[in-house]
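Asker: Before anything else, here's the structure in question.
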């Protein structure tokens, strides 16, 4: 149980284009999902908290107009990197908290590696 | 602001050696503490967690961690490591609805 998937696992795009990353909780309902960014050999940095049916809460320094988050259902959250630039290249990881257990225990997706040329 | 420190950035051990990875956090109130592991090419997995009660927490794969409130520490231990324990280990604290991660410790175990 408690499986979180991400799609795609790897994407390469041209500078200026937008990329959408999906995060799904496969066997549980997640009222809250989290989006992290991980640079090589560094820790995970929380970008935003996504709540089903409401606006995401962004961490300080994260541009909400650049990283659009939509949490339309209890099993799906999407992160869209708009007008991507090479500095947006990174590993993006989502996690989800099981509604029944609470968000303090999070289950992580496998991550999406974004490369912007 | 809360922070989590992992002082060991890279640890190299031989199989059967004992392991202790340090983790210190800055928050003085009630915290939930976690250790996650990321095997090469895989996603983060929960090793163990501490919410309350016995400060010595047993996790999966023979790992344990001890919460010492007076030292703001939550060190991870394993008495005898295996080659398969080669991975990145992250300590994290949960507070105010979010997880804050340490910088991670890369563990390499050689046969």
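Asker: Give region A:32-56 a look and list any residue that's over 30 Å from residue B:6 (Cβ atoms) and in contact (Cβ under 8 Å) with a residue 40 or more places away in the chain, or say none.
Answerer: none
Asker: Is region B:26-34 home to any residue that is more than 28 Å from residue A:32 (Cα to Cα), modelled with pLDDT under 95 and either more than 10 Å from chain A (Cβ to nearest Cβ) or crowded, with 20+ Cβ neighbours inside 10 Å (or both)?
Answerer: no
Asker: Checking the conditions here, which among B:15, B:66, B:20 is crowded, with 16+ Cβ neighbours inside 10 Å and at pLDDT 95 or above?
Answerer: The unique qualifying residue is B:66.
Asker: Taking strands (runs of 3 or more DSSP E) that fall entirely within region B:51-111, which contain at least 3 residues that are within 12 Å of another protein chain (Cβ to nearest Cβ) and either touching a residue at least 60 places away in the same chain (Cβ under 8 Å) or more than 17 Å from residue B:8 (Cα to Cα) (or both)?
Answerer: Strands (runs of 3 or more DSSP E) meeting the threshold: B:87-95, B:98-101.
The values are calculated or read from the model by the stated rules, or taken from the named source; none is laboratory data. Keep in mind that this is a model prediction, so the values were computed, not measured. Cβ coordinates were reconstructed from backbone atoms using ideal geometry, including for glycine residues, and neighbour counts include every protein chain displayed.
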